[in-house]
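The values are calculated or read from the model by the stated rules, or taken from the named source; none is laboratory data. Please read these numbers as outputs of a predicted model, since none were measured by experiment. All Cβ positions, even for glycine, are placed from backbone atoms using ideal geometry, and neighbour counts span all protein chains on display.
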């Protein structure tokens, strides 16, 4: 599932859309379209609207069409890309679930083989009333230490599942969580209530490092996820623990292990990350 670094990369590479004027919208997967009645209603409403701003919060990507928002959540297999000319059929065309058409002939296409992705379209007020956004926590990238500590300490339980709760810290997924916990030397099953202030400071610092490292690398390309321009992310080449079962820990040389935490596959160094 694309996490914060991947969606940040998508946001950056969709900036060429700013200033373009929409001419229509189509969708072959109505269940993935929220708020709006149907694709025809979106097409009528979006026509003539200009892309004025694109931003990200957590794993959600926001596109402002002259005051109306189209928000994408890529979920498991979603990918956004720009097709240079209308009606051009490419190798991914069979999995395109929605398309925003522009007056210059280009198209923004939402490719989603597994059909888990979601698109919201409506006014900012309508969008923020949706259950996902009304409970969404602050974006993990811009989270200051004091707020991070307060939100983490307000709950009890294992640290990894709490890091991944989107109502606490928007944008953290499995890869970022594992890399962050390894960086901080904290076991993913460590109860938050046992963490000392020094541990939480290390955790916050590690989260910042991992997110920036992931963004600089263009996110992680596992299986078929790619950037809007067709290039691949490189973060998988730099991970310290995620997916490296049996490999050597880059800090102590121990063998990386795979365990299950909160029903999620989790990679740890058994020597560097011990439960206290």
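For residue 240, indicate whether it is in contact (Cβ under 8 Å) with a residue 60 or more places away in the chain and outside any loop (DSSP other than H, G, I, E, B). Taking the combined requirement at face value, the residue does not satisfy it. Filtered by the rule that a residue be in contact with a helix residue (DSSP H, G or I) (Cβ under 7 Å, 6 or more places away or on another chain) and either under 14 Å from residue 71 (Cβ atoms) or in a strand (DSSP E or B) (or both), segment 28-56 gives 33, 35, 36, 51, 54, 55, 56. Taken over segment 178-203, the criterion of being crowded, with 21+ Cβ neighbours inside 10 Å and either out of contact with any strand residue (DSSP E or B) (no Cβ under 8 Å at 6 or more places or on another chain) or without any contact (Cβ under 8 Å) to a residue 12 or more places away in the chain (or both) is satisfied by 179, 180, 183, 184, 186, 203. Looking at 14, 61, which is the one that is touching a helix residue (DSSP H, G or I) at 6+ places or on another chain (Cβ under 6 Å), modelled with pLDDT of 95 or more and closer than 30 Å to residue 140 by Cα? Residue meeting the stated conditions: 61. Could you check, for segment 211-225, whether at least one of its residues is in contact with a strand residue (DSSP E or B) (Cβ under 8 Å, 6 or more places away or on another chain), buried (at least 17 other Cβ atoms within 10 Å of the Cβ) and in a loop (DSSP other than H, G, I, E, B)? Yes, segment 211-225 contains at least one residue that is in contact with a strand residue (DSSP E or B) (Cβ under 8 Å, 6 or more places away or on another chain), buried (at least 17 other Cβ atoms within 10 Å of the Cβ) and in a loop (DSSP other than H, G, I, E, B).
No other residue among 141, 151 is modelled with pLDDT of 95 or more, out of contact with any helix residue (DSSP H, G or I) (no Cβ under 6 Å at 6 or more places or on another chain) and more than 18 Å from residue 266 (Cβ to Cβ) apart from 151.
Okay, residues lined up against (1) under 26 Å from residue 170 (Cα atoms); (2) surrounded by fewer than 15 Cβ atoms within 10 Å (Cβ to Cβ); (3) under 19 Å from the mean Cα position of the chain (by Cα); (4) in contact (Cβ under 8 Å) with a residue 24 or more places away in the chain:
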residue	(1), (2), (3), (4)
9	yes, no, yes, yes
23	no, no, no, yes
27	no, no, no, yes
45	no, no, no, yes
48	no, yes, no, yes
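How many residues does segment 168-187 hold that are at negative phi and under 14 Å from the mean Cα position of the chain (by Cα)? Qualifying residue count, segment 168-187: 8. If you check residue 157 against the conditions, is it at pLDDT 95 or above and buried (at least 20 other Cβ atoms within 10 Å of the Cβ)? For residue 157, the condition - at pLDDT 95 or above and buried (at least 20 other Cβ atoms within 10 Å of the Cβ) - is not met. Return only the number of the condition from (1) touching a strand residue (DSSP E or B) at 6+ places or on another chain (Cβ under 7 Å); (2) at negative phi; (3) part of a loop (DSSP other than H, G, I, E, B) that residue 250 does not satisfy. With (1) touching a strand residue (DSSP E or B) at 6+ places or on another chain (Cβ under 7 Å); (2) at negative phi; (3) part of a loop (DSSP other than H, G, I, E, B) applied to residue 250, the lone miss is (1).
Please work out which residue is farthest from residue 163 (Cα to Cα), limiting yourself to segment 1-27 and to residues that are part of a loop (DSSP other than H, G, I, E, B) and in contact with a strand residue (DSSP E or B) (Cβ under 6 Å, 6 or more places away or on another chain). Ranking the candidates gives 20 first. For segment 152-176, the candidate set comprises residues that are free of Cβ contacts under 8 Å to residues at least 60 places away in the same chain and not in a loop (DSSP other than H, G, I, E, B); within that set, the residue that is nearest to residue 60 (Cα to Cα) is 163. Looking across segment 63-77 at every residue that is part of a strand (DSSP E or B) and over 21 Å from the mean Cα position of the chain (by Cα), the one that is surrounded by the most Cβ atoms within 10 Å (Cβ to Cβ) is identified as 65.
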